[in-house]
Amino acid sequence: MIPRFESNGGQALRDPMPQNLLITGGAGFIGSAVVRHFVAQTDARVVNVDCLTYAGNPDSVAEVADSERYVFEPTDIRDAAAVNRLLETYRPDAILHLAAESHVDRSITGPAAFIETNIVGTYNLLEASRQYWQALDPAARAAFRFLHVSTDEVYGSLGDQGYFSEDSAYQPSSPYSASKASSDHLARAWYHTYGMPVMVSNCSNNYGPYQFPEKLIPHMILSALHGRPLPVYGDGANVRDWLYVDDHVRALRGILEGGRPGETYNIGGHVERRNLEVVETICDLLEELLPAHPERPAGGYRERIEFVGDRPGHDFRYAIDNAKITRELGWAPQETFESGMRKTVQWYLDHAPWWQRVLSGEYRLQRAGMLDAASPAG
């Protein structure tokens, strides 16, 4: 179904919710939250495109996988021909591009994958989308949207004061953030050069259910449950702005429905915490929620915190100015850091089978079987 188009002084009027969504990276942490939301909360057909690298987990979308409006495509965006076939097969009204290599530490030890996926893969998707979009009829072409989802890390590091805005200069510090900065510039170029209705979002650090255990918050939760040390880089003074993943999903939906092509929207939780404070919060929640755990040290979970050598190029502080998305689209985070962290810790305590399969590698066996059995896209 193509969104409604009417004349309104030369402006296209779009249905607030496109009916055919193509979401890349939909088996990852943020992507799976997006997929679950749009399948459960809208009438749209959702095509989940994910090549299931180590962080792509089919378990994360299991609760909606049986929906007749959900389709999984195990396609790698680095394969330009396969991407073209996807667009011709599913004829999306909108594309939400979340597929990316995203872990800073991995980008330091192995940057090539970040260049290939985040830059080349984004180019493939943009170029395939341009060709597809230009061939649409005028109504569908006016209604089409491409939302490129990125990170605040492209802006580099802040001092003790100030916030990143949509006009902040790009100063990426890691191979990961440099690759995302490159993909942002490509996305904007496809708008300015070709007129394709592209929008860009830059978000702060996400956390919540289904996050892969290499990231700070789940890593600390699971390390504490296993009686392991809780390593904190440097002195733990580095500051991040934390955004609960479901708040992020609501922001992305708002941009998709009401954002203006060519615009960038920054999304932050307006919750700044030092890394050490984050780890201490986890420890305190575990003290409350799991005081009798056999791996709890005698003096409490905080005893396991230890400081380790800092990460190369470790940005000191990130903080997002939400004014634009609040003013234009009426979005604001619903979760405080305290409420979001409580939900997150409780989720990991309640969903041991999910993370046990991740830690054991069992989910990878299922993933390989899905890829072996899948037919080529198109």
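May I ask for the angle, rounded to the nearest 10°, between helix 362-373 and the longest principal axis of the chain, with both axes built from Cα atoms and the value confined to 0 to 90°?
20
About the Cα centre of the chain, what is the dipole size in debye to 20, counting +1 per Lys and Arg Cβ and -1 per Asp and Glu Cβ, all else neutral? If you can, show how the numbers build up before the last one.
Details: 34 positive and 49 negative charges, 118 e Å.
Computed about the Cα centre, the dipole is about 560 debye.
Using all C-alpha to C-alpha distances in the range 83-153, build P(r) with 5 Å bins and read off the rounded percent in each one.
Going from the shortest bin to the longest, the percentages are 3, 15, 24, 21, 14, 10, 8, 4, 2, 0.
What do you get for the angle between helix 337-350 and the principal long axis of the chain? Use alpha-carbon atoms, 0 to 90 degrees, nearest ten.
Between helix and principal axis, roughly 80 degrees.
Across the range 282-368, what fraction of all alpha-carbon pairs, as a whole percent, falls in each successive 10 Å bin from zero upward?
Taking all Cα pairs of the range 282-368, the binned fractions are 12, 23, 32, 27, 6, 0 percent.
Starting from a Cα-only point model with no solvent, please compute log10 I(q)/I(0) by Debye for the range 197-315 at q = 0.10, 0.16, 0.17 1/Å.
Reported log10 I(q)/I(0), two decimals: -0.39, -0.83, -0.89.
How high is the FRET efficiency between SER165 and SER67 when r is their beta carbon distance and R₀ equals 35 Å, given to the nearest 0.05? Spell out each step's value before the answer.
Working: r = 38 Å, r/R0 = 1.10.
The value I calculate is 0.35.
Quick check: the angle from helix 80-90's long axis to the longest principal axis of the chain, C-alpha only, nearest 10 degrees?
Approximately 70 degrees, to the nearest ten.
Please state, rounded to one decimal and in Å, the Kirkwood hydrodynamic radius that the range 68-221 gives when every pair of distinct Cα atoms enters the mean of 1/r. Write out the running numbers ahead of the final one.
Values: mean 1/r = 0.0592 Å⁻¹.
When all Cα pairs of the range 68-221 are included, the Kirkwood radius is 16.9 Å.
Above 34 angstrom, tally the Cα pairs of the chain and express them as a % of all pairs, no decimals. Mind showing how you got there, number by number?
Numbers: 18295 of 71253 pairs.
Roughly 26 percent, rounded to a whole number.
State the answer as a single residue: which of ALA332, VAL198, PRO175 lies farthest towards the positive end of the charge dipole of the chain, with beta carbon charges of +1 for Lys and Arg and -1 for Asp and Glu, about the Cα centre.
So the residue furthest toward the plus end is VAL198.
Laboratory data are not the source of any read-out in this text; all were calculated from the coordinates shown. Model, not experiment: these values are computed from the prediction. Cβ atoms come from the backbone with ideal geometry, glycine included; neighbour counts cover every protein chain shown.
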